[in-house]
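Let me begin by presenting the structure, written as structure tokens, before commenting on it.
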Amino acid sequence: MSAIGAIAGGAGPQPTGFSGLSSDEFMNIVLEELSQQDPLEPSDTGALLDQLASIRAIQADVDLEQSLQSLVSQNELASATGLLGRVVSGVSETTERTADIVISVSNTGEGPILNLANGQRIRIGQVDEVVSEELFRQPEGA
């Protein structure tokens, strides 16, 4: 399709796939394709429109999935930072049971990891208990 190359070759930021096309750009592609047809052997215009609509729908689904994954990652990190200073227990990266105070959070490609005071690290998904800070406070006058 020569029209796609003409639109994509323009100046400025490039859209990602068909979802980045405006309605006008989409119509320009369809009209360009129709104008390039041999009138004696026309293409099936309905099939072309169906294919373009399917491509746009697939691209929209991919974009939505990426947005949702980003939102989940941000939510996991926010949850993990809420555990700073708290005592947690769970299975460490070395597959040992451990429990201690969360001193920091590392955001990795595999999700947030809680760094404990004892040197162990627990993935946020491997935490099975969070202990209230109030259990460790000294009673007044003690």
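Values quoted throughout were computed directly from the atomic coordinates according to the rules given, and no laboratory measurement underlies them. Note that the structure is a prediction, hence the values are computed from the model and not measured. Please note: Cβ atoms are built from the backbone with ideal geometry, for glycine as well, and neighbour counts cover all protein chains shown.
Which order do the peptides 112-120, 53-61 take when ranked by the mean count of other beta-carbon atoms within 10 Å per residue, highest first?
Details: 112-120: 16.9, 53-61: 13.0.
Descending mean neighbour count gives 112-120, 53-61.
Under a point spin-label approximation (7 Å from Cα along Cα-to-Cβ), what is the ARG86-ASP63 distance to one decimal in nm?
3.6
If we sort 82-92, 68-78 on the protection proxy, mean other Cβ atoms within 10 Å, highest first, what's the order?
Numbers: 82-92: 16.3, 68-78: 11.7.
Going by the mean number of other Cβ atoms within 10 Å, highest first, we get 82-92, 68-78.
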